[in-house]
Amino acid sequence: MNHPPKIWLIAGESSGDLYGAKLAEDLKRLAPGAEFAGMGGTRMRSAGVRLLVDSTELGVVGIIEVIGILFKILSILRFLVKKAEEERPDAVVLIDYPGFNIRFAKQLKKRGIPVIWYISPQVWVWRKSNIPKLASYCTKMMVIFPFETEVYRGSGLDVEFVGHPLVEIVQERRDPELKRDPDQIVLLPGSRRNETRRLLSPMLEAAILLKQRHPDLHFVISAPREKVAADIREGLRKFQRKNPQAAQLQEVPVISGKTSELLQTGTAGFAASGTVTVECAVAGLPLVVCYRLNPFTFLLACLIIRKLFRNSFTMPNIILNRQVFEEFLQFRATPQALADAMERILPGGIRRAEAEAGMAEMTREISGGIAGAAENAARCVLNVIEKKSTNRE
């Protein structure tokens, strides 16, 4: 290639912003002078990506929630398609966020711009009909779970397992000076407002039950960024006003942007289902996992994607095809159930050793090897661009 590559990175959620930032850093190291633009959040901006769209407000889950920002999403899609026509990037890396990115991939394909997908949509859970679309629109699919290569077998799509970027991210953040507090429980109620509003109360009620049984326990709430922390603090104040028993918890700090440290100092945690469950497993923090959806969204999900609710919805459990973390969905996520499950993974609990062994095995399964996932992915991206350049010549 005669000029530094122009690479777009498109991420719509907090986890995608994290992976996009790490990928940009490795791409810059392997291709000095490369230009980066796209959609993402604060981490990608800090990594040197010129943000055409700030994705902070786009991370929602559920049909009802998506409808609320549908017009904004469609407006962003039109804007990015127009900018892609103007700037003609050498490749566009789409990071997860399938509802948006599949539509964007279709438009990029029409315009002859190579599409590389990083973090496969979970087509193996629901929407298998998207596999032919992905095969048609994408030049390359980079997957982060070993079993995903089999999912695309026979589709004609060029698929490569690169490893999970969280393995190296967690390892890089590990601080040998930090020690686990056997009495500290970490609450991770999510990164989206609709998640925290539904999960904070049952987690706090479970904390009250645990405090009654184990007076030495103390609790801390982790938020990925300050805006989420502010929402959680407001929810905590409302909970304390409505629940006199909340006084038993004493002070419950809400800490922003320190998740990696808290995963190293806590003894166990309550967590919303999502990427954080993989992060906790890599960090060695046993979890009780829960999730609650909008009731209408849950009803539709039960009708449309029944498989999800017959099997596990927590990624470490899916990866190993067995229970690593206990999980509770919708009406099963009661304070009593959460508290009882937490007792089983506290130090000396009957499931503690089993959870620890499962976390270690899962980490080995998703490791990207010596190079690491982000470097593996960066090399894939540059190879696609190089092949495109060679074919033109």
Checklist outcome for this item: Net charge (Lys, Arg +1; Asp, Glu -1) of residues whose beta-carbon lies under 15 Å from that of Arg173, Arg173 excluded, is -3
Checklist entry - Under a GNM of the chain (C-alpha, springs under 10 Å), which listed residue has the highest mean-square fluctuation: Asp183, Asp175, Asp17? => result Asp175
Item to check | Exposure proxy order (Cβ contacts within 10 Å, fewest to most) of Phe270, Phe325, Phe313, Phe147 | outcome: Phe147, Phe313, Phe325, Phe270
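Summing -39500 (n - 2.57) over the DSSP H runs of n ≥ 4 in the chain and dividing by its residue number, what mean residue ellipticity at 222 nm do you reach, to the nearest 500 deg cm²/dmol?
-15500 deg cm²/dmol
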Next on the checklist: Can you list residues from other chains, or at least 5 along the same chain, whose modelled amide H is less than 5 Å from the amide H of Thr314?
Outcome noted: none
Next on the checklist: Please list the three semi-axes, largest first and in whole Å, of the ellipsoid equivalent to the chain, using sqrt of 5 times the eigenvalues of its alpha carbon gyration tensor.
Outcome noted: 37, 22, 20
Next on the checklist: What translational diffusion coefficient, to the nearest whole µm²/s, does segment 113-199 have by Stokes-Einstein, given a Kirkwood radius computed over alpha-carbon pairs, a temperature of 25 °C and 0.890 mPa s viscosity?
Outcome noted: 152
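Can you compute the FRET efficiency between Gln248 and Glu172 using 1/(1 + (r/R0)^6), with r the Cβ-Cβ distance and R0 = 35 Å? Round to the nearest 0.05.
Rounded to the nearest 0.05, the efficiency is 0.40.
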Checklist outcome for this item: log10 I(q)/I(0) for segment 172-366, Debye formula on C-alpha points only (no solvent), q = 0.15, 0.16, 0.17 Å⁻¹, two decimals, reads -0.89, -1.02, -1.16
Item to check | Residue-span extension gain [Leu30 to Glu226] - 0.36 nm each, minus C-alpha spacing | outcome: 67.3 nm
Item to check | Sequence-distant residues sharing a close amide H with Asp181 (under 5 Å, placed H) | outcome: Gly266, Thr267
Checklist entry - For Thr56 and Arg233, what is the calculated FRET efficiency with R₀ set at 30 Å and r taken between the beta-carbons, to the nearest 0.05? => result 0.95
Next on the checklist: Please list 3J(HN,Hα) in residue order for segment 85-97, calculated via the Karplus relation 6.51 cos²θ - 1.76 cosθ + 1.60 where θ = phi - 60°; whole Hz, with x for glycine and proline.
Outcome noted: 5, 6, 8, 6, x, 6, 6, 10, 9, 9, 10, 6, 6
Next on the checklist: Could you derive backbone 3J(HN,Hα) for segment 285-290 from the dihedral phi with the Karplus parameters 6.51, -1.76 and 1.60 (θ = phi - 60°), listing whole Hz in sequence and x where the residue is Gly or Pro?
Outcome noted: 9, x, 10, 10, 9, 9
Next on the checklist: Based on alpha-carbon atoms only, what is the radius of gyration of segment 226-296 relative to the globular estimate 2.2 N^0.38 Å?
Outcome noted: 1.25
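Computed from the coordinates by the stated procedures, all read-outs in this text should not be read as laboratory data. Bear in mind the structure is a predicted one, so any value in this text is a computation, not a measurement. Neighbour counts are summed over all protein chains in view; Cβ atoms, including those assigned to glycine, are modelled from backbone coordinates with ideal geometry.
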